[in-house]
1. If the requirement is being under 20 Å from ILE165 (Cβ atoms), open to solvent by 30 Å² or more (accessible area, probe 1.4 Å) and of a type in the set (Asp, Glu), which of these qualifies: GLU120, GLU43?
2. How many residues are more than 12 Å from LYS80 (Cα to Cα) and either part of a loop (DSSP other than H, G, I, E, B) or touching a Lys or Arg at 6+ places or on another chain (Cβ under 9 Å) (or both) if we restrict to the range 268-289?
3. For the range 53-92, which positions are part of a strand (DSSP E or B) and among the β-branched types (Val, Ile, Thr)?
4. Can you tell me which residues in the range 231-258 are charged (D, E, K, R), touching a strand residue (DSSP E or B) at 6+ places or on another chain (Cβ under 9 Å) and either at pLDDT below 85 or open to solvent by 60 Å² or more (accessible area, probe 1.4 Å) (or both)?
5. Within the set of pairs 6 or more residues apart or between chains, which connect a residue that is open to solvent by 50 Å² or more (accessible area, probe 1.4 Å) inside the range 157-174 to a residue that is modelled with pLDDT of 90 or more and hydroxyl-bearing (Ser, Thr, Tyr) with Cβ atoms less than 8 Å apart?
6. Any residue that is part of a strand (DSSP E or B), within 19 Å of TYR266 (Cα to Cα) and open to solvent by 20 Å² or more (accessible area, probe 1.4 Å) - is there at least one of those in the range 130-141?
7. I'd like to check something: does the range 39-61 contain any residue that is under 14 Å from ARG267 (Cβ atoms) and touching an Asp or Glu at 6+ places or on another chain (Cβ under 7 Å)?
8. Could you figure out which of (1) in contact (Cβ under 8 Å) with a residue 12 or more places away in the chain; (2) closer than 30 Å to ALA137 by Cβ isn't true of LYS104?
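The values are calculated or read from the model by the stated rules, or taken from the named source; none is laboratory data. Not measured: the values here are computed from a predicted model. No Cβ is skipped: glycine too gets one built from the backbone with ideal geometry, and neighbour counts run over all protein chains shown. Areas reflect the complete protein model, heavy atoms only, side chains present, ligands, DNA and RNA absent. Shrake-Rupley method; radii C 1.70, N 1.55, O 1.52, S 1.80 Å.
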Amino acid sequence: KQAEKAIHQKKEQSKTKCRKARRRHINLVAEFNRRQRKNIWLETHIWHAKRFHMVKKWGYCLGNSPTEKCYRACYRAMTKHCLLQDLSYYCCLELTGKENELLKQLAQICSIDTGLTFGEAGCLSGRFEGSANLYRADRYPEDMLGPVTFIWKPRDGSENRQLWIWMHPALKQGILGELKAIFQCSEPEETCIPEPTTTSVQEEKQMDVVLSIGKKRKKEDKEGGKAVPVKKIIGDGTRDPVQSYTWISQTTGVVISDRSMEILRYRLIGPLSHSVLTETLKAASLQTV
């Protein structure tokens, strides 16, 4: 009886259990996408996961504290060299429309008494990044929404301007709702909503064409059946990938787009920050036709 019981309890081993199979690019992508179903990873997640204690906040998986005593090294980098921080989990909202219309409506949610506003000359030209405290429309000094940073795209000769507003993910829903209200934006009838794509299956089909039949094992799950393809995560921790991410106003013509996780954001601290950027970024040559 014990022998029969052991036979029934024995689980069928997966064919992709060996390390070589698990480290294949196709299987790694599928596994990483599966682990991002609830919490989105940043571009630098794997680097942080090897060196930091990770926490799950605001729909992201973020590095909280280092596993080693590297506080002196970080302080030395901040004071003498360069220290980089990944702030890509901050949410970005893009506003596109006429400059006068943008400034007119944005004046309702900020006040000059708190500091800079969206119409400050240095920030309006696009040379400097500004910061402001946002409130409910015409409710200053009550009903504060939270602090934001913003940057204007430099003028290119047209009357339309682009404005990027950065905010903490905990403040995104409140600020987005207020912006949609003051600009009278609604979801467009036809919106290009990215559908989740099964990139792992497409890559497998391409590999099947290259490899001959019989040399490549079919990916199976623990039960031995054919594995369900893992869908690629599109969106971020504060946005549903199947919902609209662009809103347009029929009266003002202003378009609000959610650019979270589409524009990466890094912070460089230290006296050699500009030197690092100079060595990393190379200016492109202008070609006139």
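1. Working: GLU43 fails: under 20 Å from ILE165 (Cβ atoms).
Within the list GLU120, GLU43, the selection yields GLU120.
2. 9
3. Selection gives VAL55 alone.
4. Within the range 231-258, the first condition is being charged (D, E, K, R), and the residues that meet it are 231-232, 236, 239-240, 258.
Cutting the leftovers down to touching a strand residue (DSSP E or B) at 6+ places or on another chain (Cβ under 9 Å) gives us 236, 239, 258.
Hits for the range 231-258 are ASP236, ARG239.
5. ASN160/THR96
6. Within the range 130-141, the first condition is being part of a strand (DSSP E or B), and the residues that meet it are 130-135.
Now narrow it down to the ones that are within 19 Å of TYR266 (Cα to Cα): 130-131.
Within this subset, residues satisfying the condition of being open to solvent by 20 Å² or more (accessible area, probe 1.4 Å) are 131.
Yes, that holds for at least one residue.
7. Yes: one or more hits.
8. The single condition LYS104 does not satisfy is (1).
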